[in-house]
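The values are calculated or read from the model by the stated rules, or taken from the named source; none is laboratory data. All values derive from a computational prediction rather than experimental measurement. Backbone-built Cβ (ideal geometry, glycine too); neighbour counts: all protein chains shown.
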Amino acid sequence: MSPVTVRTISIEEAVHGKNLAVAQENRARFGNAGVLAANLLSSPGAGKTALLEATLRDTHADMPGAVIVGDLQTDNDAQRLGRWGATAIQVTTGDICHLDAGMVQRAMAELDLASLSVVYLENVGNLVCPTSFDLGESLRVALMSVTEGEDKPLKYPGAFKWADLILVTKIDLADAVGFDRDAALSNLKRVSPAARILEVSSRSGAGMEQWYETLRGRLPARERKP
Ligand SMILES: Nc1nc2c(ncn2[C@@H]2O[C@H](COP(=O)(O)OP(=O)(O)OP(=O)(O)O)[C@@H](O)[C@H]2O)c(=O)[nH]1
Ligand SMILES: [Mg+2]
């Protein structure tokens with residue numbers, strides 16, 4: 001093995017080790033504040049921001065939320081999310097294809113955690129990089145839209161194995177695109193047998209109550225340390 005290769009590996013290990021340490025700090029902060037931190041990932045355009053817009057609109061009264069959203073460029077998503085009266089903090093990652101724990105920690109400093117039930121972490125849209133970076137979340141949500149093709153879980157198994165909860169999104173479009181529901185669910189269960197799967201549409205509202213109930217069921221007890 002050449003010295004160059006050895007050095008590359010050690011830098012990667014250092015990056016991941018440092019990220020994990022910061023993620024544990026974030027997790028402790030969220031936990032101490034009684035806040036559920038949910039990390040959402042999907043391919044670009046699968047409907048993360050639309051899902052969160054509907055969620056903020058429908059649950060703000062009983063489950064106040066804020067969003068930390070990562071994109072390579074633009075603050076479009078934070079602008080969309082901010083319309084619902086919740087705090088939305090845009091992290092522009094440049095050429096980095098994922099949020100990391102340090103980015104979340106800096107953004108968290110702008111949030112009043114005591115006033116929140118949930119902090120949604122909308123990751124940069126892709127099914128590969130985000131799974132390697134723990135952000136300090138306690139719920140991992142992967143989205144797959146009906147327009148992407150039923151084979152995506154087989155092509156990108158890491159994203160779906162990573163998830164506690166899988167949302168099949170845009171089900172209002174299922175018939176129009178000839179979505180093969182049985183094949184999609186079977187592929188998802190094959191790569192991620194333990195994950196819960198919900199079928200939702202933020203456009204029609206179908207399945208959204210089940211998503212909200214799942215979030216409510218995952219809220220930690222509000223026991224703050226002194
Ligand atoms: N018909 C339909 N369209 C949807 C639904 N959810 C999202 N869309 C549309 O899909 C497109 C992408 O949605 P976004 O919410 O921006 O997707 P995203 O995953 O946040 O995208 P990135 O942040 O760029 O990765 C938009 O045009 C949405 O209006 C849905 O449930 N039904
Ligand atoms: Mg988005």
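Here are some notes:
- Inter-residue pairs, beta-carbon under 9 Å, first farther than 17 Å from Gln79 by Cβ and in the stretch 46-63, second near ligand 2 (Cβ under 10 Å from one of its atoms) and in a loop (DSSP other than H, G, I, E, B), 6+ apart: Ala46/Gly125
- Scanning the stretch 192-206 for residues that are touching a Gly at 6+ places or on another chain (Cβ under 9 Å) and polar (S, T, N, Q) yields Ser201, Ser202.
- So Ala114, is it more than 16 Å from ligand 1 (Cβ to nearest atom), part of a helix (DSSP H, G or I), hydrophobic (A, V, I, L, M, F, W, C) and more than 19 Å from Asp134 (Cβ to Cβ): yes
- For the stretch 1-30, taking the residues that are among the small types (Gly, Ala, Ser) and over 9 Å from Gly136 (Cβ atoms), the one that is modelled with the lowest pLDDT is identified as Ser2.
- Hey, Ala78 assigned to a helix (DSSP H, G or I), among the aliphatic types (A, V, I, L, M) and either within 16 Å of ligand 2 (Cβ to nearest atom) or without any contact (Cβ under 8 Å) to a residue 12 or more places away in the chain (or both) or not: yes
- Among (1) of a type outside the set (Phe, Trp, Tyr); (2) within 16 Å of ligand 2 (Cβ to nearest atom); (3) farther than 20 Å from Thr49 by Cβ, the one test that Leu127 misses: (3)
- Applying a threshold of 6 Å to beta carbon distances and a minimum spacing of six or more residues, or different chains, the list of pairs starting in the stretch 147-158 at a residue that is modelled with pLDDT of 95 or more and ending at one that is part of a loop (DSSP other than H, G, I, E, B) and among the acidic types (Asp, Glu) reads Glu150/Asp180.
- Top-ranked residue in the stretch 42-75 [being within 13 Å of ligand 2 (Cβ to nearest atom) and part of a strand (DSSP E or B); ranked as surrounded by the fewest Cβ atoms within 10 Å (Cβ to Cβ)]: Asp71
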